[in-house]
Amino acid sequence: MLRTLTALALAATFLTMTNEASAKSASEAEVTHKVYFDIEINGEPAGRIVMGLFGEDVPKTAENFRALCTGEKGVGKMGKPLHYKGSKFHRVITEFMLQGGDFTAGNGTGGESIYGEKFADEKFAFAHDEVGLLSMANAGPNTNGSQFFITTVKTPWLDGKHVIFGRVIEGMDVVKRIESLGSRSGATRLPIVIADSGELKAE
């Protein structure tokens, strides 16, 4: 029994190491779709963030985010529109990331995917080795919903734990302005709202 458990542990370690070793830079990924957030800070327009999605590498995760940007799936099982429009960045940690996507509760406890409440980790294809990456927020393995975060620094400790599915391609100045309104605790000094969201034609 001990020999079997040891073998299983070694196999698990090997698989983890293999997965981490195979993670590539997001700069190598093909952008298949472009989506946007129009941001309001304290009720005033603050600019647009344009994001490219990696639909070739993580199609299920990318499609979830794309459809939540357009709102095309209508109302979810929780009775709220499956749409980022009108939701806020509820957690902004300086020198780390901006977190949003909780359109059901608005405080980080809610959210819903287009597939139901949660869906499994699709693939840890990329490393958190640059700023402006789009990655899924979660409460542990296989708990992806609608919440996401945008990195403002390199975050290698998140590799193998959060699925990267896109990157910011325009509007990092808006991202940095939002970051400046955050804190070490994550509380924001002003309300930061996704006033509108949708899809752009991919070039």
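FYI, it's all coordinate maths here, none of it is from the lab. It should be emphasised that the depicted structure is a prediction, and the values quoted were computed from it without experimental measurement. Neighbour counts are summed over all protein chains in view; Cβ atoms, including those assigned to glycine, are modelled from backbone coordinates with ideal geometry.
Some notes on this structure:
- Here the spin labels are modelled as points 7 Å beyond Cα on the Cα-Cβ line, and at Glu170 and Glu130 they lie 1.8 nm apart.
- Calculated [θ] (222 nm, deg cm²/dmol) that DSSP helices of n ≥ 4 give over the chain, each run adding -39,500 (n - 2.57): -6500 deg cm²/dmol
- Three-way shape call for the range 152-203 based on the alpha-carbon gyration tensor, with the a/c threshold at 1.5: oblate
- In the chain, lysine pairs closer than 17 Å at Cα, eight or more apart or cross-chain: 19
- Taking 0.36 nm per residue of separation and subtracting the current Cα-Cα distance, fully stretching the chain between Glu30 and Val50 would add 5.7 nm.
- Value of relative contact order over the chain, rounded to a whole percent, pairs C-alpha under 8 Å and six or more apart: 29
- The value of relative contact order for the range 69-111, using C-alpha pairs under 8 Å at least six residues apart, is 28 percent.
- Near the amide H of Ala125, within less than 5 Å, lie the amide hydrogens of Ile164, all on another chain or at least 5 residues away, with H placed in the peptide plane.
- Amide hydrogen proximity for Leu200: with H placed 1.01 Å from N in the peptide plane, the residues at 5 or more positions away or on another chain lying under 5 Å are Lys34, Val35, Tyr36.
- Backbone amide hydrogens, once placed in the peptide plane, bring Phe103 within less than 5 Å of Gly111, Glu112, excluding anything fewer than 5 places away on its chain.
- The HN-Hα couplings worked out from phi for the range 162-177 by the Karplus form 6.51 cos²θ - 1.76 cosθ + 1.60 (θ = phi - 60°) are 10, 7, 7, 9, x, 8, 6, 10, 8, x, 5, 5, 5, 4, 5, 5 Hz, whole numbers, x standing for Gly and Pro.
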